[in-house]
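The values are calculated or read from the model by the stated rules, or taken from the named source; none is laboratory data. Since the model is a prediction, treat every value here as computed from it, not as a measurement. Don't worry about glycine lacking a Cβ; one is built from the backbone with ideal geometry, like all the others, and counts go over all protein chains shown.
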Amino acid sequence: MESLTKWIQPGYIITNVVPGDYNYDGHLDVLLMGQESPEKSSEIQMQIYLGNGNDTFESQPIKLPSAQGALPIVLDINGDMKTDILGYSKETNQLSTWMNMGDSSFNLTLADTMFDKQSIDQCTWANPHSNAFVDLDGDCLADGFKLSQQADLPTGAGPLSFADIDGDGSIDIVFPVCQSSGCSIHVVYNQQMGLCSKGKEENYSHFRGNLPVALHTGDYNMDGYPDLLVTTTQRVVLLQSVLCNQKLCTKEAIEAEKRSFSIVTTGADALENVSNPRQAAFFDIDEDGSLDILVLQSTSTSDASRIPNFIINNYFNDAFFLKGLVLNGVSSHRGYGVSYPGASLKFTVLDTSGVKRSHQISQLSQSAYLPLLTPYCLFGLGRTNNYVEEMFAGVTRHQEKNYYMHEGVIPNSQLVILPYQPEDVQDSSSWKVELYIKPGDYVPWVLGVLTTAALVLGIVVVVLRVMEKREDEMERQKTLHIINFDAL
């Protein structure tokens, strides 16, 4: 991979990197956001380095009109599958959109032409913020076009993360709250009513931190419920999702079968031994269908350099997984390096008790302030004896049917969804799905057992056949030696 550092001018401090297809050609590009002085009020310069499709980039970047204040986010605003940008423009000093024209150019316009003007006037972005492009009402359309509900967060609230915490098929909100007495984790459960109702809060207070901590969600044990990765000023903590009990939850939460979190201590020595962590995230490093952990460790110098530490997931999980990747639909050909931000995946599966469960996961819902999200969706199915009954993949195309359903998906496999649509098609009938099966370690043993069983059965059949022929021959010989005395 060719480095971009030789083309970046001195004094340009990079504050955010967002990969994506910004000229809609199916090749991965890179959007750099940087400042001369990384302060909240300074100018945010944005430039795009276009990818050539051969692990190299164009030497001359495309420079966009600058932003200011909070970092902009990337999303598909108008549903044309092209990656747009939303933020506060330095030219207009208002919330604006950088509309992707699909030809390496962007059109800067005020956001009130695309969003509800009243909601824009009422809401000013926090700096830093946790804005996301995610489906909250379950229609497979990433929301953010119109204000649906507003609520006050507790004092000391940190960054928001989005995941299906209780496994009911809707995206919930989880965030940390740090005060002088300590830190706790709050969960706002989505009631799937087009908005997030004010739900019960489940707290976990066994970690400390001087600053609000970021939560990263991922299902490390593949039980079907997202776990949390918490980075404090001292260490990285892995929290496992557990069913509510009397020690962790209220009576109402227990009756509603909500979830809480408990710290993982068994087998987590390698994670706890990493000193001076600055950021941690889930990532399938060895592509085996389990989420490993990437920890960025601070160096002894005063600069922003980090040392990556890879911690491989060696837990034995008696469960299945499913991996999904939604592309941007630029063409019917393969373009695996271009993930579509804001895509939604929902699936239903039967557990070993015969209970049908539904889950939802979002792809690249956040893009500012180091969210460190995976470019694909990897989630656990838990223990199941059946296929994945239904799998829904949705994008933000503004049409009547913006999703694709696939039935009978094999567990431990990967689905690549290509939402390509010709201009004369206004539904998902032209979408393509590619299924890749993960070869398991047990396949040679299964083949050996089947071969051995076939040989044994073959030998038994041959032996029985030989014995039957012998008996027939003996019967024939006896018949020849019988004397008919009546004939005499």
Legend entry - Any chance residue 241 is surrounded by 22 or more Cβ atoms within 10 Å (Cβ to Cβ) and under 25 Å from residue 171 (Cβ atoms): yes
Legend entry - Breaking point among (1) in a loop (DSSP other than H, G, I, E, B); (2) in contact (Cβ under 8 Å) with a residue 12 or more places away in the chain, for residue 32: (1)
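Residues are listed down the side, and each one gets a yes or a no for (1) of a type outside the set (Val, Ile, Thr); (2) modelled with pLDDT under 85; (3) assigned by the TED database to the domain that holds residue 14:
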| position | (1), (2), (3) |
| --- | --- |
| 225 | yes, no, no |
| 232 | no, yes, no |
| 243 | yes, no, no |
| 274 | no, no, no |
| 285 | no, no, no |
| 290 | yes, no, no |
Legend entry - Selection within region 408-442 - out of contact with any Lys or Arg (no Cβ under 9 Å at 6 or more places or on another chain) and loosely packed, with under 10 Cβ neighbours inside 10 Å: 422, 423, 424, 439, 441, 442
Inset, instruction - Keeping to region 355-412, report how many residues are assigned to a strand (DSSP E or B) and hydrophobic (A, V, I, L, M, F, W, C). - result: 11
Inset, instruction - Could you tell me whether any residue of region 42-59 is over 29 Å from the mean Cα position of the chain (by Cα), without any contact (Cβ under 8 Å) to a residue 12 or more places away in the chain and more than 24 Å from residue 123 (Cβ to Cβ)? - result: yes
Legend entry - Of all residues in region 307-348 being touching a residue at least 60 places away in the same chain (Cβ under 8 Å) and among the aliphatic types (A, V, I, L, M), the one that is farthest from residue 284 (Cα to Cα): 330
Inset, instruction - Pull up region 5-33, narrow it to residues that are farther than 20 Å from residue 373 by Cα and buried (at least 16 other Cβ atoms within 10 Å of the Cβ), then point me to the one that is modelled with the lowest pLDDT. - result: 8
Inset, instruction - Could you tell me whether any residue of region 449-462 is over 30 Å from residue 351 (Cα atoms), of a type outside the set (A, V, I, L, M) and in contact with a helix residue (DSSP H, G or I) (Cβ under 8 Å, 6 or more places away or on another chain)? - result: no
Inset, instruction - Answer with yes or no whether residue 373 is outside the structural domain of residue 79 (by the TED database), under 30 Å from residue 126 (Cα atoms), under 21 Å from the mean Cα position of the chain (by Cα) and in contact (Cβ under 8 Å) with a residue 12 or more places away in the chain. - result: yes
